[in-house]
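Only the coordinates and a few stated rules stand behind these numbers; no lab work does. Model, not experiment: these values are computed from the prediction. Cβ atoms come from the backbone with ideal geometry, glycine included; neighbour counts cover every protein chain shown.
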Amino acid sequence: YIRNWAEVSFMRVGIGFDRASAAESGKKWFPQSKGGEYRKWYGNHETLLDWSRDGHELQTRLHSSGDRTLAHNFNLDKVFLGAATWTKISTGPISARIQPKGFLFNDASANAFPTGNISELSVVGLLCSKVTECLLPLINPTLNYLPGTIGALPVALSLDKESSAEKRAAKLIDIAKSDWDAYETSWDFSGLPLLLRDYRAETLEATYTGLRTHWQDMTNEMQRLEQENNRIFIEAYGLQDELSPEVPLEEITLTCNPAYRYGVKGSEEDRETRLRADTTAELISYAVGCMFGRYALEEPGLILANQGETIEDYLKRVPEPSFPADDDNVIPMLDGDWFTDDITERFREFLRIAFGEEHYGENLRFVEQALGKDIRKYFLKDFYNDHVRRYKKRPIYWLFSSPKGSFNALIYMHRYQPHTVGTVLEYLRDFKDEKLKARKNHLEAVSISAGASQGDKTKALKEIEKINKILAELDDYERDVLYPLATEQVEIDLDDGVKANYPKFGEALKKIPGLS
């Protein structure tokens, strides 16, 4: 009943509904608060719950024992209401967040629903303060932040709407929301910060420098506001002699803050290096999204994000794209320029179009220096691992890969059609039977040429031996795996989620622990 939001067709997702309109909407998936990592003010919006027909199946389906329903919800009068929420179990301080209207919740998170003139923003401000961090262990010295524990907190300050506490919390929530939505793992992501006009400069490096300055200003402002929030509550409780309002940089829970994102055990230089590399990887991920039509340079937010959508659907949304989406939803990822739509070639094209031809060489060098490797090597060695990690082992791009990785092709699961494996097979055969064999024939001619040096002949023979091994690998992959799969015309249903659909393709896809 639970999915990561990116797994399903977005047209079946209901954001911002109340309970009545959700029941009438025909939507299947609705946001669910499910705890998550230590993050204050806003965020951790990652999962959806099947609440079609007002949660009918969830509430009526029997457990395998037959003596009880599979799930219980004892707070139906509270679902879809705005709230203050927090992760129930934590080894560190409590981290409360605003929960907008339209969410369900489960046992991993707890919620407070203020009544009367009390503001949920003010409640979040109280729960994120040093005062609460001090008082909670006295009330309940365990790792469980239960609603009853929170309800037992003494309140020594007005939490009314329009109070100073609410106004301060509203500013903090706005900053936290802008940070959360700056990454493609947010359903409110509209575009890559590196592409925004506010930070654009002549080169990608200068653009990154401007963006990094903005992120530092955000972090500093967040720290200042959090310390003001602490002062409000410390003074209200008369704890000036006991508590300091200061907030360490690593507790400013913005993804753009490397002290929070990576911790402070290493050096500041190491953190900056990691942030530059990760920001570059996010640029590459966005570029791949544009290749598949999930995003477009001309339009904000999601473009193709529903099951079985096609290039025709894309062109209806983006009639004249500057960087067109791939026609057949198959992008080869190989160790060489074998195809014009190879992922490395397409990224280079993206870089030229998005950041201009004039500084292309300099921009590509910045990308490769940030990654610490050649862009093709990044795609072959790191890209898919980064993608699987970014989407928490529920990848939306799937990698068809031969046993030793000599052939790789990426597809976008939302554009998958039963004939897609057949298209991958066509790429494999073209690579194997046309391109590799043509290269082998050329090398064989070199190896017996009277005009070739002995060194060239030796080099040619070694490459022929390598190609023969690759051909044997790909013959086996085609015969035993890809061809039988292509004839099956496998159907998928995005509602079933990646965990159910990915294993249908067996050894054709790159193995992911927990999915294969």
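What do you get for chymotrypsin sites (Phe, Trp or Tyr not before Pro) in the range 410-457 restricted to DSSP loop and a cutoff of at most 12 other Cβ within 10 Å of the site's Cβ? Counting only loop positions with at most 12 other Cβ atoms within 10 Å, none of the chymotrypsin sites (Phe, Trp or Tyr not before Pro) in the range 410-457 qualifies. Relative to the current alpha-carbon distance between residue 64 and residue 113, full extension at 0.36 nm per residue lengthens the span by 14.2 nm. Projected over all directions and averaged, the alpha-carbon convex hull of the range 293-508 occupies 14.3 nm². For the chain, the longest principal axis of the Cα atoms and the long axis of helix 268-292 meet at an angle of about 60 degrees.
The helix-only estimate of mean residue ellipticity at 222 nm for the chain, built from DSSP H runs of length n ≥ 4 each weighted as -39500 (n - 2.57), is -12500 deg cm²/dmol after division by the residue total. In a fully extended conformation the segment linking residue 444 and residue 2 would gain 153.5 nm over its present Cα-Cα distance, using 0.36 nm per residue. Under the combined filter of DSSP loop state and at most 12 neighbouring Cβ atoms within 10 Å, the range 1-109 retains these GluC sites (Glu not before Pro): 37. For the peptides 448-457, 434-443, the ranking by mean Cβ contacts within 10 Å, running from highest to lowest, is 434-443, 448-457. The angle separating the long axis of helix 204-236 from the principal Cα axis of greatest extent in the chain is about 20 degrees. For q = 0.08, 0.13, 0.15, 0.17 Å⁻¹, what log10 I(q)/I(0) does the range 2-265 give under the Debye formula with an equal point scatterer on each alpha carbon and no solvent? Computed log10 I(q)/I(0) values: -0.36, -0.92, -1.15, -1.36. For the range 332-424, GluC sites (Glu not before Pro) are listed when DSSP marks them as loop and at most 10 other Cβ atoms sit within 10 Å of their Cβ; the list is 357. DSSP beta bridges fully contained in the chain are about 85 percent antiparallel. This ranking places 64, 158, 52, 95 by how few other beta-carbon atoms lie within 10 Å of each, fewest first, which gives 64, 158, 52, 95. Rounded to the nearest 10 degrees, the inclination of helix 130-139 to the longest alpha-carbon principal axis of the chain is 70 degrees.
The alpha carbon gyration tensor of the range 110-202 gives principal lengths a ≥ b ≥ c with a/c of 1.5 or higher and a/b greater than b/c, which makes the shape prolate. From the alpha carbon centroid of the range 234-257 to that of the range 317-382 is 44 Å. A prolate overall shape is assigned to the range 384-516, the ratio a/c of its alpha-carbon gyration tensor axes (a ≥ b ≥ c) being 1.5 or greater and a/b exceeding b/c.
Each residue in 350, 30 was given a count of other beta-carbon atoms within 10 angstrom of its own, and listing them fewest first yields 350, 30.
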